[in-house]
Amino acid sequence: MSTFHCAQSASFDGSTSSAFNNITFCVKTFGCQMNKHDSERVCGMLESLGAQWVEEIEDADLVVFMTCCVREAADTRLYGQVASMKNIPLRPGTPHSKRIVAVGGCIGQRDGQKLLDALPHLDVVFGTHNLGSLPKLLAKSLEEGSRNVEILESSEQFPTELPTDREHEWAAWLPITIGCNNFCTYCIVPFVRGREKSRPLEDIVAEAQRYADAGVKEITLLGQNVNSYGRDLYGHPRFVDVLDAIDATGIKRLRFATSHPKDLTDEIIRRFGTLRSLMPALHLPVQSGSNRILEAMNRRYTREHYKELVAKLREACPEIALSTDVIVGFPGETEGDFQDTYDLIDEIGYHQVFTFIYSKREGTPAAKIDDPTPHEVIQNRFDRLVDVVQKHAWERNQVDLGKTVEVLVEGTSKRDARLLAGRSPKNQTVHALIPAGLDAKLIQGKFLNVSIDEAKTWYLSGSVIEGSLHD
Ligand code: SAH
Ligand code: SF4
Ligand code: F3S
């Protein structure tokens with residue numbers, strides 16, 4: 001990992017730095033890219049205070065859990081994981097008699113003091129609005145052995161004002177908004193991430209320019225609903241202005257996540273056909289194909305509107321790869337509602353669909369709706385949906401057979417170290433044999449052209465075109 005310091009860094013409490021000398025730390029991250037990005041900031045802060053990053057909990061004096069509560073499974077697992085920390089022996093040579101454990105992210109924000117009460121081995125709890133306080137809280141625990149919690153109601157600063165340690169040198173996540181104002185009735189995110197706030201365009205562009213100048217190849221703009229960027233800035237600048245400005249930095253690849261269909265304008269759609277750096281891939285969560293359920297979800301669009309968006313996207317950019325999220329078993333979903341979802345997914349034919357079984361989240365409006373539908377019925381709907389999703393994912397990938405695609409190399413395949421793994425413009429995983437004389441490590445973050453001769457459901461493979469390695 002390499003530490004990247006923002007020009008306006010040090011807006012966190014660094015006065016406690018000596019507490020981190022000779023300390024090793026690891027960060028375990030769950031949930032969405034927003035959390036992954038926050039984890040990069042946590043790593044950046046702790047490294048700049050002298051602590052050393054390690055991968056495994058066994059080797060760490062200090063463990064930070066960055067948590068997610070969007071569905072129940074991850075939520076309940078976290079309590080067990082933190083409780084089991086007491087069974088992991090301390091690393092030999094540690095300067096401390098106890099491993100310090102911290103919980104942050106969305107469960108930290110939601111549960112605060114409750115976590116300390118339930119988990120005697122937990123030392124620090126922080127939330128989504130005060131990443132910058134983490135060093136101060138950890139230092140107190142390290143120096144005094146005290147247990148510390150701090151949760152704020154809303155953010156005082158963008159996490160982007162903190163140093164970062166990016167997972168990959170060639171790719172950067174760049175938050176342009178934090179929070180969410182949409183209040184989909186099933187979703188906990190607005191309650192744990194607060195109201196939507198747009199980051200000033202000048203800051204976004206300055207950070208993007210630093211990345212482009214430093215040789216970063218791909219920027220992914222982040223927000224719960226990036227399409228509504230600027231609404232809190234009196235409607236100007238808007239999301240298209242961000243896209244245009246980042247394209248002008250010279251960055252090779254630009255992506256963004258997540259989009260809300262109700263805010264995807266014609267202007268944004270047109271950029272897929274015209275903006276040099278914007279990759280032909282879009283994640284556009286539909287959640288359901290039933291108008292009745294979409295209304296109950298408070299999604300504020302219809303299946304007809306969604307289909308119209310897809311048609312416009314494919315007209316603007318015929319090769320565009322679409323992906324989506326679907327929730328099966330929203331309270332009150334009937335077989336007819338599910339059939340509408342199934343038909344829509346079958347009709348659109350996505351490259352990828354993330355399917356979720358509805359999970360009741362206390363405090364959300366949908367949690368109050370009773371639903372007698374047995375779990376087996378919902379599971380059966382889910383399984384049927386997965387089948388049609390896989391059929392289309394396979395079919396969509398067949399289109400690339402025989403084509404040459406430009407691949408941004410990420411590393412080697414997990415299954416076979418002789419194969420390189422990378423991403424196509426459409427965000428497909430691509431494998432190819434590493435050409436003789438090339439070192440997989442040295443070509444990470446570079447481009448290669450690959451001629452595709454095999455197309456599977458979840459990846460493409462082929463052979464590298466000789467002499468195609470480029471920046
Ligand atoms: N802001 C993004 C991401 C939200 S969370 C968006 O609006 O798309 C990612 C996905 O988790 C959602 O798109 C939704 O499909 C799923 N999700 C959210 N709450 C859920 C719940 N209570 N049960 C099941 N899936 C849920
Ligand atoms: Fe949740 Fe809806 Fe906001 Fe996405 S847009 S984070 S699903 S409330
Ligand atoms: Fe999970 Fe929080 Fe993201 S609840 S999905 S980590 S915003």
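The values are calculated or read from the model by the stated rules, or taken from the named source; none is laboratory data. Note that the coordinates shown come from a computational prediction; the quantities given were computed from them, not determined experimentally. Because the Cβ atoms are built from the backbone with ideal geometry, glycine has one as well, and the counts that use them run over all protein chains shown. The accessibility values were calculated without ligands, DNA or RNA, using every heavy atom of the protein model including side chains. Shrake-Rupley method; radii C 1.70, N 1.55, O 1.52, S 1.80 Å.
Here are the numbers for this structure:
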| item | result |
| --- | --- |
| Matching residues, the range 228-248, being open to solvent by 10 Å² or more (accessible area, probe 1.4 Å) and either in a helix (DSSP H, G or I) or away from ligand 2 (no atom under 16 Å from the Cβ) (or both) | Leu233, Tyr234, Gly235, His236, Pro237, Arg238, Asp241, Asp244, Ala245, Asp247, Ala248 |
| Residue tally, condition over 17 Å from Glu319 (Cβ atoms) and either open to solvent by 40 Å² or more (accessible area, probe 1.4 Å) or more than 25 Å from the chain's Cα centre (by Cα) (or both), over the range 430-450 | 14 |
| Condition met for Ile251 (in a loop (DSSP other than H, G, I, E, B) and among the β-branched types (Val, Ile, Thr)) | yes |
| Leading residue by the ranking (farthest from ligand 3 (Cβ to nearest atom)) among those in the range 253-262 that are open to solvent by 10 Å² or more (accessible area, probe 1.4 Å) and within 19 Å of Ala171 (Cα to Cα) | Arg255 |
| Residues (in a loop (DSSP other than H, G, I, E, B) and open to solvent by less than 40 Å² (accessible area, probe 1.4 Å)) located in the range 263-297 | Leu264, Leu275, Ser277, Met279, Pro280, Leu284, Pro285, Val286, Ser288, Gly289, Ser290, Met297 |
| Residue among Thr355, Thr341, Thr364 that alone is closer than 21 Å to His260 by Cα, within 24 Å of the chain's Cα centre (by Cα) and open to solvent by less than 10 Å² (accessible area, probe 1.4 Å) | Thr364 |
| Answer from Thr164, Thr177 - the residue that is within 23 Å of Val226 (Cβ to Cβ), in contact with a strand residue (DSSP E or B) (Cβ under 8 Å, 6 or more places away or on another chain) and either outside the structural domain of Ser228 (by TED's automatic domain parsing) or open to solvent by 10 Å² or more (accessible area, probe 1.4 Å) (or both) | Thr164 |
| Of the criteria (1) away from ligand 1 (no atom under 16 Å from the Cβ); (2) crowded, with 21+ Cβ neighbours inside 10 Å, which one Ser146 fails | (2) |
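Conditions (1) within 30 Å of Val326 (Cβ to Cβ); (2) assigned to a loop (DSSP other than H, G, I, E, B); (3) within 16 Å of ligand 2 (Cβ to nearest atom), marked per residue:
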site	(1), (2), (3)
Gly50	no, yes, no
Glu58	no, no, no
Met66	yes, no, no
Arg77	yes, no, no
Ser84	no, no, no
Thr94	no, yes, no
Ser97	no, yes, no
Val101	no, no, no
Gln109	yes, no, yes
